[in-house]
Amino acid sequence: MSSFFLISETQPWKDLKAHVEDIKKTHLRDLLTDDKRCQSMLIEFDDILLDYSRQQATPETIQRLLKLAEAASLKENINRMYSGEHINSTENRSVLHVALRASRDAVIQSDGKNVVPEVWKVLDKIQEFSERVRNGSWVGATGKALKDVVAIGIGGSFLGPLFVHTALQTDPEAIESARGRQLRFLANVDPIDVARNITGLNPETTLVVVVSKTFTTAETMLNARTLREWISSALGPSAVAKHMVAVSTNLTLVEKFGIDPNNAFAFWDWVGGRYSVCSAVGVLPLSLQYGFSVIEKFLNGASSIDQHFYSQPFESNIPVLLGLLSIWNVSFLGYPARAILPYSQALEKLAPHIQQVSMESNGKGVSIDGVPLPFEAGEIDFGEPGTNGQHSFYQLIHQGRVIPCDFIGVVKSQQPVFLKGEVVSNHDELMSNFFAQPDALAYGKTADQLQKENVSPHLIPHKTFSGNRPSLSLLLPSLKAYNIGQLLAIYEHRIAVEGFIWGINSFDQWGVELGKSLATQVRKQLNASRTKGEPVQGFNFSTTTMLNRYLQASSDIPADLPTALPKI
Ligand SMILES: O=P(O)(O)OC[C@H]1O[C@](O)(CO)[C@@H](O)[C@@H]1O
């Protein structure tokens, strides 16, 4: 035993390793004949139904996973998170995104202080400000109402809000409250993203929200300076005060940038970037677009799952079970990826958001104590809405690699369509696929079945499906703001569970730093070469060659060009 705790050295981990062989002997097709087993794998909470009977698992597997949770002190870790302990030890911070959606009277402590009143102070400020903008009492520099919003931010300051916005865009209540308004997101430092986002917008009627936890992120700050230029070149520098606001933990830098601190919306160190959608990061732009009352419902949905996660026994705790099953798939069955497959176009940005939440949180190589992990942590997340994915990468999922799938379905469509004379409604058509795919993956199709169908012998190997491919299904009652909040929190907590079991710090992201600092070196070189003709130096042969090619091929662009903004 090493002096540091490693979950892989515990008896429950070894017992699960030993259990793999038993499970591999059993095909899902057989497991699915046991109704009692299947019944025990159905969990219902707050109108959400989880069915994990198509996992390569038996009740015995679940018992062993629960023992693993005990060995990893999962309950204690959840309690430590909710009680504001500095579980993000490498940054010496609490992890309290649950406080962002707690009710006004809740008490959640960080460093001996109840943070809930501060949270509500900012929420109240957002409500007040967004109402003034929406009802036209806050106007732009030329006296016009601000009907369009561009939110500038990247990573956690972008993906979560984009996910929620995309999901709400087709919800009838949200549509009604967003009438006449637009919300756009500028994330990439690529000037093409600037062009796309300002096209068709008038600075006179646009509000820019700069969203950055640190207010130092290179991409966001350059984009913020670009849109500041867009506003001031059209309306004069004083217009910035009326047309730019900020969301940040760093209010000093906000002020330095030229944004009135009264128009800054704070959040706190104890909110990780990728867990910040329920802070002003998401709540401000989304309230500007949809009104605070809609977004409050989204927060309530997340809060409902927070309470479930905190208090429900693990056997019927949705995020805990999902996290444990992921551990089973990744660390024991050896399936490193997970496909997120929502059968709802409104959820098209769920997978990109969860990609960051999961891969930035759990893509780690050392334990929380800094000990190299003797197993791989993290999982590779990707996904697309069904049925689009079916016509793209499902081939690999059915007959190539085994990729555990999350199927997410919705009972009531946001936008139902019924056509007279069609066998089913359009949503039923979509959902037919949602119900069919998990069984296709689980059962497969045998050579025997194909022979009985008189398939030519040479095609039988090509048409055979091995089956035994795990998935789980989550059925949501509808896709209102509340349900979107529930879904978000389920994934956030599931990912935390995985990190707690693997014994890693899911709340830091040192892996993004190296690339950032090398980019700084390149930026300096590009400037020195373009402005002073300095030769490329200090890079390896490959980078030097590429940089020289880039500089030579673009040498017709003078270094001291006047300010130019996109023209499309
Ligand atoms: O909100 P900020 O400070 O601009 O950071 C943006 C993103 O950059 C990262 O630090 C690294 O990609 C993310 O964790 C974060 O969400």
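For residues in the stretch 339-367 being assigned to a helix (DSSP H, G or I) and hydrophobic (A, V, I, L, M, F, W, C), which is surrounded by the fewest Cβ atoms within 10 Å (Cβ to Cβ)?
Filtering the stretch 339-367 for residues that are assigned to a helix (DSSP H, G or I) and hydrophobic (A, V, I, L, M, F, W, C), the one surrounded by the fewest Cβ atoms within 10 Å (Cβ to Cβ) comes out as Met359.
Between a first residue in the stretch 531-550 that is part of a helix (DSSP H, G or I) and a second residue that is surrounded by 14 or more Cβ atoms within 10 Å (Cβ to Cβ), which pairs have beta carbons less than 7 Å apart while being 6 or more apart in sequence or on different chains?
Thr544/Val536; Leu547/Gln525; Leu547/Val536; Leu547/Phe539; Asn548/Val536
The rows are residues; the columns are (1) buried (at least 16 other Cβ atoms within 10 Å of the Cβ); (2) of a type in the set (A, V, I, L, M, F, W, C); (3) closer than 28 Å to Gly503 by Cα; (4) free of Cβ contacts under 8 Å to residues at least 40 places away in the same chain.
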site: Thr26; (1), (2), (3), (4): no, no, no, yes
site: Lys36; (1), (2), (3), (4): no, no, no, yes
site: Leu49; (1), (2), (3), (4): yes, yes, no, no
site: Gln56; (1), (2), (3), (4): yes, no, yes, no
site: Pro59; (1), (2), (3), (4): no, no, yes, yes
site: Gln63; (1), (2), (3), (4): no, no, yes, yes
site: Leu68; (1), (2), (3), (4): yes, yes, yes, no
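For the stretch 401-429, which residues satisfy the criterion of being surrounded by fewer than 18 Cβ atoms within 10 Å (Cβ to Cβ), of a type outside the set (Gly, Ala, Ser) and over 20 Å from Ala440 (Cα atoms)?
The answer is Val411, Lys412, Gln415, Pro416, Val417, Phe418, Leu419, Lys420, Glu422, Val423, Val424, Asn426.
Could you please let me know if Leu479 is within 30 Å of Glu360 (Cα to Cα), surrounded by 21 or more Cβ atoms within 10 Å (Cβ to Cβ) and not hydroxyl-bearing (Ser, Thr, Tyr)?
yes
Filter the stretch 191-206 for residues that are surrounded by fewer than 23 Cβ atoms within 10 Å (Cβ to Cβ) and either in a strand (DSSP E or B) or touching a Gly at 6+ places or on another chain (Cβ under 6 Å) (or both) and give the result.
The one that is surrounded by fewer than 23 Cβ atoms within 10 Å (Cβ to Cβ) and either in a strand (DSSP E or B) or touching a Gly at 6+ places or on another chain (Cβ under 6 Å) (or both): Glu204.
Counting only residues that are without any contact (Cβ under 8 Å) to a residue 60 or more places away in the chain and not β-branched (Val, Ile, Thr), how many does the stretch 89-107 have?
Number satisfying all stated conditions: 4.
Criterion first (at negative phi, within 16 Å of the ligand (Cβ to nearest atom) and touching a residue at least 60 places away in the same chain (Cβ under 8 Å)) does Pro191 satisfy it?
No: the conditions fail for Pro191.
This table checks each residue for (1) modelled with pLDDT of 95 or more; (2) more than 16 Å from Leu146 (Cβ to Cβ); (3) under 23 Å from the mean Cα position of the chain (by Cα).
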{"residue": "Asn202", "(1), (2), (3)": "yes, no, no"}
{"residue": "Thr217", "(1), (2), (3)": "yes, yes, yes"}
{"residue": "Val240", "(1), (2), (3)": "yes, no, no"}
{"residue": "Val245", "(1), (2), (3)": "yes, no, no"}
{"residue": "Asp260", "(1), (2), (3)": "no, no, no"}
{"residue": "Ala264", "(1), (2), (3)": "yes, yes, no"}
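Do you know which residues across the stretch 372-393 are under 22 Å from Trp328 (Cα atoms) and either loosely packed, with under 15 Cβ neighbours inside 10 Å or away from the ligand (no atom under 16 Å from the Cβ) (or both)?
Within the stretch 372-393, Pro372, Leu373, Pro374, Phe375, Glu376, Ala377, Glu379, Ile380, Phe382, Gly383 meet the criteria.
Does Ser103 satisfy the criteria of being touching a strand residue (DSSP E or B) at 6+ places or on another chain (Cβ under 7 Å), closer than 24 Å to Leu487 by Cα and more than 16 Å from the ligand (Cβ to nearest atom)?
Against the criterion (touching a strand residue (DSSP E or B) at 6+ places or on another chain (Cβ under 7 Å), closer than 24 Å to Leu487 by Cα and more than 16 Å from the ligand (Cβ to nearest atom)), Ser103 does not qualify.
Specify the residue that is surrounded by the fewest Cβ atoms within 10 Å (Cβ to Cβ); the eligible residues are those in the stretch 139-171 that are assigned to a helix (DSSP H, G or I) and either more than 13 Å from the chain's Cα centre (by Cα) or away from the ligand (no atom under 16 Å from the Cβ) (or both).
The selected residue is Thr166.
Limited to the stretch 450-471, what total is found for residues that are assigned to a strand (DSSP E or B) and surrounded by 22 or more Cβ atoms within 10 Å (Cβ to Cβ)?
Residues that pass the stated criteria total 1.
Does Pro374 meet the test of being more than 20 Å from Gly155 (Cβ to Cβ), in a loop (DSSP other than H, G, I, E, B) and either in the same structural domain as Phe163 (by TED's automatic domain parsing) or in contact with an Asp or Glu (Cβ under 6 Å, 6 or more places away or on another chain) (or both)?
no
Give just the number: which of (1) within 16 Å of the ligand (Cβ to nearest atom); (2) surrounded by fewer than 22 Cβ atoms within 10 Å (Cβ to Cβ); (3) assigned to a strand (DSSP E or B); (4) of a type in the set (A, V, I, L, M) does Leu183 not satisfy?
(1)
I'd like to check which helices (runs of 4 or more DSSP H) are fully inside the stretch 9-111 and have at least 1 residues that are among the basic types (Lys, Arg) and under 19 Å from Ser326 (Cβ atoms).
Once the helices (runs of 4 or more DSSP H) in the stretch 9-111 are filtered for at least 1 residues that are among the basic types (Lys, Arg) and under 19 Å from Ser326 (Cβ atoms), what remains is 11-25, 59-71, 74-82.
Looking at (1) touching a residue at least 60 places away in the same chain (Cβ under 8 Å); (2) within 16 Å of the ligand (Cβ to nearest atom); (3) not in a strand (DSSP E or B), which one does Ser177 not meet, given that it meets all the others?
Condition not satisfied by Ser177: (2).
Any residue that is part of a helix (DSSP H, G or I), more than 16 Å from the ligand (Cβ to nearest atom) and within 25 Å of Gln63 (Cα to Cα) - is there at least one of those in the stretch 294-303?
No, the stretch 294-303 contains no residue that is part of a helix (DSSP H, G or I), more than 16 Å from the ligand (Cβ to nearest atom) and within 25 Å of Gln63 (Cα to Cα).
With the structure loaded, tell me whether Pro438 is under 20 Å from the mean Cα position of the chain (by Cα) and modelled with pLDDT of 95 or more or whether it fails that test.
For Pro438, the condition - under 20 Å from the mean Cα position of the chain (by Cα) and modelled with pLDDT of 95 or more - is not met.
Being closer than 23 Å to Gln182 by Cα and out of contact with any Gly (no Cβ under 9 Å at 6 or more places or on another chain) is the filter here, so list the residues in the stretch 232-259 that pass it.
Residues satisfying the conditions are Ser232, Ser233, Ala234, Val245, Ala246, Ser248, Ile259.
Go through the stretch 1-40 and count every residue that is modelled with pLDDT under 95 and of a type in the set (Gly, Ala, Ser).
Qualifying residue count for the region: 2.
The values are calculated or read from the model by the stated rules, or taken from the named source; none is laboratory data. Just so it is clear, the model here is predicted, and its values are computed rather than measured. Note: ideal-geometry Cβ built from the backbone for every residue, glycine included; neighbour counts use all protein chains shown.
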